[in-house]
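To keep things clear, I will list the structure first and then write my remarks on it.
The values are calculated or read from the model by the stated rules, or taken from the named source; none is laboratory data. As the structure is a computational prediction, the values presented were derived from the model and not from experiment. Please note: Cβ atoms are built from the backbone with ideal geometry, for glycine as well, and neighbour counts cover all protein chains shown. Side chains are part of the model used for accessible areas, which takes the heavy atoms of the whole protein and leaves out ligands, DNA and RNA. Shrake-Rupley method; radii C 1.70, N 1.55, O 1.52, S 1.80 Å.
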Amino acid sequence: QVQLVESGGGLVQAGGSLRLSCVASGSIFSIGPMGWYRQAPGKQRELVARIISGGGTNYADSVKGRFIISRDNAKNTVYLQMNSLKPEDTAVYYCNARILGVTMTSSGDYWGQGTQVTVSS
């Protein structure tokens, strides 16, 4: 099947930076939109940033100008560069990708396991 594996989370002071990575592997023919979502305690999961295969992006208003999403199609990888981090950015960050699999059974929307980002004030 298909797996998404995130890395790069951690603890950082306010104003600092982190870079998240997410690698897709498995029975992949092609990858459509990829995105990062986050979920803080007691809150719903929300879209942070999204990028299509051609490179077009969109961002949540709360992260515009601070976060940058990018992807390397050759490596099936999506990145999230997070700058000027704030305590309110603290959440579990999840990678999402729409996969066209080698077989029909491996096609669909996939999620990573999540990586914790904690920003201290």
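In the range 83-101, the residues that are open to solvent by less than 40 Å² (accessible area, probe 1.4 Å) form Cβ pairs under 6 Å with partners that are assigned to a strand (DSSP E or B) and among the acidic types (Asp, Glu), at six or more places apart or across chains, as follows: 95/6.
Does residue 62 satisfy the condition of being without any contact (Cβ under 8 Å) to a residue 60 or more places away in the chain and closer than 21 Å to residue 1 by Cβ? For residue 62, the condition - without any contact (Cβ under 8 Å) to a residue 60 or more places away in the chain and closer than 21 Å to residue 1 by Cβ - is not met.
Among the residues of the range 8-33, write down those that are buried (at least 16 other Cβ atoms within 10 Å of the Cβ) and in a strand (DSSP E or B). Listed by number, the residues that qualify are 12, 18, 20, 21, 22, 23, 24, 28, 31, 33.
Determine whether the range 34-43 contains at least one residue that is of a type in the set (A, V, I, L, M, F, W, C), in contact (Cβ under 8 Å) with a residue 12 or more places away in the chain and crowded, with 17+ Cβ neighbours inside 10 Å. Yes, that holds for at least one residue.
Looking only at the range 108-121, which residues are open to solvent by 40 Å² or more (accessible area, probe 1.4 Å) and either closer than 19 Å to residue 5 by Cβ or out of contact with any strand residue (DSSP E or B) (no Cβ under 6 Å at 6 or more places or on another chain) (or both)? Passing the criteria: 109, 110, 111, 113, 116, 121.
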